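Take a look at the structure set out below.
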Amino acid sequence: MLQDQKRYRVALYTMGCKTNQYDSGRVAAEFASAGFQLVPFHEPADVYVINTCTVTAEADREARSAARRALARSPEALVVATGCYPGVDAGAFAALPGVQLVGGNDLKPQLVARVCALLASREPGGRRNGAVEAGAAAASTSSSPARPVSPNGRTRQVVKVEEGCNYRCAYCVVPYARGKARSRPLAEILAEVRQHAEEGCREVVLTGTCIGSFGHDLSPQSSLAECAAAVAAVPGIARVRISSIEPWQVTDALVALVAENPVLCPHFHLPLQSADDSVRRRMRRPGTSARFADLVAGIRARLPEAGITTDVIVGFPGESDAAFAATRDFCQQMAFSRLHVFRYSPRPFTPAAELPDQVPKAVAEARSRELIRLGNEQSEAFARRWLGRVVSVLVEGPHGSQGWQEGLTGNYVRVRFTGTPAARGTLVNVAVEGVEAGCLLGKVQADD
């Protein structure tokens, strides 16, 4: 807690995954409790916190750029870098002039206290440079603090159920930044969800670094299906959505739960990365494309209208034209409802960075464009399935200034609609009349 009378302004810049979004929400709440005023990142501030991602080299560049933009806007500000990028390469940020506090994900629980200490020790009008806290998240195995975070009026809240990953995909640096998988106690998760529900949240998104690992390290052991069922039983929660989960961690129990419990959203985000099994082996990805296809078929047998989304990496070392074609054709066959495409980016400490047969940038870019086009076509095709039908939408708020509102369906399709204004956080039925760029357009259905 700050002791002087000045109310410092703090701005947060969050990059990357839902786990980072969750972490930033907790840090923001702790800053507010300590007396700080939260302001947008593009405004002048006394403190800027950059919660970084390091999945790609582009993400690294954006994080450094954000630090420079902050200092250009407020030259006397205290700039903090945390998250996965400093977790694997603290020196890159410590070398930036004006950045004063640097640390990985294990810095986050102490971040507000460290900032308060730095502010209290400053000379008037001056900056103190070079206070660096480095180290990977593996240094800490404790879960997030038990104090629930205020949802700040949001209808949807991300709740982290575990941290870290025990797998070592050849291209991925995240396990080095977030450490081994550690589950939060279920009682702690439920306490947080109850608080969200009491404050108006209607949808909870369960997330983690490798969410399917939840419960394996608890005593007694638990599972993601058990966790999701318990969260779905919290009064006031209308929807529970499961974020990205590795295909080999999807259990029959989890699919059955989603099929049988209407609170669980019929949406599975299953990272594919490649459908060519030789590339998958180089990636060190468990499973095969055939097993992936069997999983999708099994989900659709029980949930024919489920949204199934995926991630694909193009340009991985050794990906030939034939291997890419196999992935493209497989994606076509799977008819995903949304396709996220990433160009391979060599990351430090990863085996893939040293592999031969690196794919030329121009080739990877062309493959990316081709898959993005396919993904757009698939999103449009999935959305068109709902033309002339009525969908349930969780209202997020207004869209634009022409009286439109927007929200999401349970199977993760965006909807914009007109009609009698509905309160944020309510579930409304929308009659779908059109589709535009994968987004449903319609009108609120009047109550009988």
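Some values worked out for this structure:
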| quantity | calculated |
| --- | --- |
| Pairs, first more than 21 Å from S337 (Cβ to Cβ) in region 419-448, second among the charged types (D, E, K, R) and not in a strand (DSSP E or B), C-beta under 6 Å, six or more apart | G425/R202 |
| Some residue of region 240-256 being in contact (Cβ under 8 Å) with a residue 12 or more places away in the chain, assigned by TED's automatic domain parsing to the domain that holds C172, part of a loop (DSSP other than H, G, I, E, B) and of a type in the set (F, W, Y) | no |
| Whichever residue in region 65-104 is surrounded by fewer than 23 Cβ atoms within 10 Å (Cβ to Cβ) and hydroxyl-bearing (S, T, Y) and, among such residues, is farthest from V173 (Cα to Cα) | S74 |
| Conditions (1) in a strand (DSSP E or B); (2) at pLDDT 95 or above; number of the one not met by P398 | (2) |
| L101 vs. criteria part of a loop (DSSP other than H, G, I, E, B) and over 19 Å from the mean Cα position of the chain (by Cα) | no |
| Selected residue (criterion: surrounded by the fewest Cβ atoms within 10 Å (Cβ to Cβ)) from residues of region 43-64 that are at pLDDT 95 or above and assigned to a loop (DSSP other than H, G, I, E, B) | E43 |
| Qualifying residue in region 373-393 (condition: buried (at least 20 other Cβ atoms within 10 Å of the Cβ), assigned to a strand (DSSP E or B), of a type in the set (A, V, I, L, M, F, W, C) and touching an Asp or Glu at 6+ places or on another chain (Cβ under 7 Å)) | no |
| Qualifying residue in region 69-89 (condition: in contact with a Gly (Cβ under 7 Å, 6 or more places away or on another chain), more than 20 Å from S243 (Cβ to Cβ) and among the small types (G, A, S)) | yes |
| Filtered residue count, region 392-440, keeping only those that are under 25 Å from the mean Cα position of the chain (by Cα), under 26 Å from T310 (Cα atoms) and β-branched (V, I, T) | 5 |
| A59, sole failed condition from (1) at negative phi; (2) touching a residue at least 60 places away in the same chain (Cβ under 8 Å) | (2) |
| S223 surrounded by fewer than 21 Cβ atoms within 10 Å (Cβ to Cβ) and assigned by TED's automatic domain parsing to the domain that holds I313 | yes |
| So D311, is it assigned by TED's automatic domain parsing to the domain that holds C169, among the acidic types (D, E) and either in a helix (DSSP H, G or I) or closer than 18 Å to V161 by Cα (or both) | no |
| Single residue of region 418-428 satisfying the filter (under 20 Å from R239 (Cα atoms) and surrounded by 15 or more Cβ atoms within 10 Å (Cβ to Cβ)) that is modelled with the lowest pLDDT | A422 |
| Yes/no for R416 being touching a strand residue (DSSP E or B) at 6+ places or on another chain (Cβ under 8 Å), basic (K, R), closer than 30 Å to F342 by Cα and not assigned by TED's automatic domain parsing to the domain that holds R338 | yes |
| Residue under evaluation V80, criteria (1) within 17 Å of the chain's Cα centre (by Cα); (2) modelled with pLDDT of 95 or more; (3) within 17 Å of A113 (Cβ to Cβ), criterion not met | (1) |
| Residue match in region 10-18 (condition: touching a residue at least 24 places away in the same chain (Cβ under 8 Å), crowded, with 17+ Cβ neighbours inside 10 Å, at negative phi and out of contact with any strand residue (DSSP E or B) (no Cβ under 6 Å at 6 or more places or on another chain)) | yes |
| Per-region count, region 178-228, residues touching a strand residue (DSSP E or B) at 6+ places or on another chain (Cβ under 8 Å), outside any strand (DSSP E or B) and of a type in the set (A, V, I, L, M) | 7 |
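To keep it simple, each residue is scored yes or no on (1) free of Cβ contacts under 8 Å to residues at least 12 places away in the same chain; (2) of a type in the set (D, E, K, R); (3) touching a Pro at 6+ places or on another chain (Cβ under 7 Å).
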{"site": "P262", "(1), (2), (3)": "yes, no, no"}
{"site": "P266", "(1), (2), (3)": "no, no, no"}
{"site": "L270", "(1), (2), (3)": "no, no, yes"}
{"site": "D276", "(1), (2), (3)": "no, yes, no"}
{"site": "R284", "(1), (2), (3)": "no, yes, no"}
{"site": "A293", "(1), (2), (3)": "no, no, no"}
{"site": "A297", "(1), (2), (3)": "yes, no, no"}
{"site": "E305", "(1), (2), (3)": "no, yes, yes"}
{"site": "R328", "(1), (2), (3)": "no, yes, no"}
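Table: residues versus (1) over 22 Å from N376 (Cβ atoms); (2) among the charged types (D, E, K, R); (3) in contact with a Lys or Arg (Cβ under 6 Å, 6 or more places away or on another chain).
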{"residue": "A230", "(1), (2), (3)": "yes, no, no"}
{"residue": "A238", "(1), (2), (3)": "yes, no, yes"}
{"residue": "L270", "(1), (2), (3)": "no, no, no"}
{"residue": "L295", "(1), (2), (3)": "yes, no, no"}
{"residue": "G298", "(1), (2), (3)": "yes, no, no"}
{"residue": "I313", "(1), (2), (3)": "no, no, no"}
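The values are calculated or read from the model by the stated rules, or taken from the named source; none is laboratory data. Just so it is clear, the structure is predicted and the values come from calculations on it, not from any experiment. A quick note on method: Cβ atoms are made from the backbone with ideal geometry, for glycine too, and the neighbour counts reach across all protein chains shown.
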